[in-house]
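Each remark here refers to the structure printed beneath this line.
Only the coordinates and a few stated rules stand behind these numbers; no lab work does. Treat the numbers as computed from the prediction; the structure is a model and nothing was measured.
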Amino acid sequence: MTEPVRAACLVCGDPAPRVRYRITRFRVLQCTACDQVFLDPLPSELEIQELFAELYATGGGSVPELKSYYGFCFDDEPSNPLVQLYEHWLDRIEEVHPRGSILDVGSGTGLFLTCARRRGWEVFGIDDSRAAIDFARDRFDLDLWVGDFADFKSRGMRFDVITGWDIIEHSRTPVALLETMRECLAPGGSIVLSTPDQHSILDVIAGAFYRLSGGRMTAALEKFYIEQHFLYFTQITLAQAFERAGLKTTVMEAEVTDLRRLTLNPVMRGILYGMFFVSRLTGLENRIFAMAGRDG
């Protein structure tokens, strides 16, 4: 497990990570300088665009359990677990910020911004998916931008809050993404993110199967390390990425996936509920909620 490879860390650029796991399509690498975990090789941008188009359209992909996951992005109903999650995150944001302007990076279908607008926020969003933006316009009457957020700072706009729900793990240049977010913050503003937690009970158990089998049992790992997630942060490595981007962490909290959004048979659902119960007791939850502001 200490085999050196030649692949630069996506966060710090160190050129000599070690192999953590070998799975069907990827090596899961861990930086020896900053501990960041990332995949190699990365899928092409075209592959990712096609993958997300399919996920939004049919739920199809390499992980059958995600078949229903993206379908919740289309319905603004109180019973929708994704709406409930967005309301929870807005509660946390509003504990720190009065309602003002909010920019959602990777805004998708616009469901989060629909929830925020209903609570009195002035909402803005950007996504590189024309289909998602068209849905946000037609279904939720949101006028959002289509394009690459890396080019967004040239607009010169500033926002009280900038959110990024499950986007930083998809970035090939995460520090540059955070730097652009920082440049778009109004004075006293916050960046608010969610992302999977690599230091989770899922990795601990799947990694144990992998090691005990001499690297042959990879099926469990391949449910967690998937092609659309290039990076896997821990609370420590995410705080380090914030620091590299000139940001100071203000909130770092553990969360777990809402299993209602997954396509699971009853046995697997029961197993995961049990695992997540244990994760809360052991500090091995599988998700991170984080906030950061300008450092100084």
Degrees separating the helix 45-58 axis from the principal Cα axis of the chain, which is the longest one:
80 degrees
In whole Å and largest first, what semi-axes does the C-alpha gyration tensor of the chain yield when each eigenvalue is scaled by 5 and square-rooted?
30, 23, 19
So, in Å, what gap is there between the alpha-carbon centers of the stretch 1-42 and the stretch 261-296?
24 Å
Taking every pair of alpha-carbon atoms in the stretch 124-273, what share in percent sits in each 5 Å bin, from 0 to the bin with the longest distance?
2, 7, 14, 17, 17, 15, 12, 8, 5, 2, 1
Cα-based reach from LYS248 at 22 Å (exclusive), listing lysines while leaving out same-chain residues under 8 positions away
LYS153
Rg/Rh for the stretch 170-239, where both radii come from Cα atoms and Rh is the Kirkwood radius:
1.12
Whole-percent tail of the Cα-Cα distance distribution for the stretch 203-291, cut at 18 Å, equals 57 percent
Two decimals is fine: what's Rg over Rh for the stretch 177-217, C-alpha atoms, Kirkwood radius as Rh?
1.38
Kirkwood Rh and Cα Rg combined as Rg/Rh, the stretch 68-144:
0.95
Quick one: plug the Kirkwood hydrodynamic radius of the stretch 118-209 (C-alpha pairs) into Stokes-Einstein at 4 °C, 1.567 mPa s, and report D in µm²/s.
85 µm²/s
Global geometry of the stretch 122-172, whether rounded, prolate or oblate, following the gyration tensor of its Cα atoms and the 1.5 cut on a/c
oblate
0 to 90° range, to nearest 10: angle between helix 266-282 axis and the chain longest Cα axis
80 degrees
Give the cross-link partners of LYS223 among the lysines, using a straight C-alpha distance below 23 Å as the criterion and excluding same-chain residues fewer than 8 apart.
LYS67
Please figure out what share of the DSSP beta bridges in the chain is antiparallel and state it in percent, rounded to the nearest 5.
60 percent
What are the radius of gyration and Dmax of the stretch 26-129, computed over its Cα atoms and given in Å?
16.9, 46
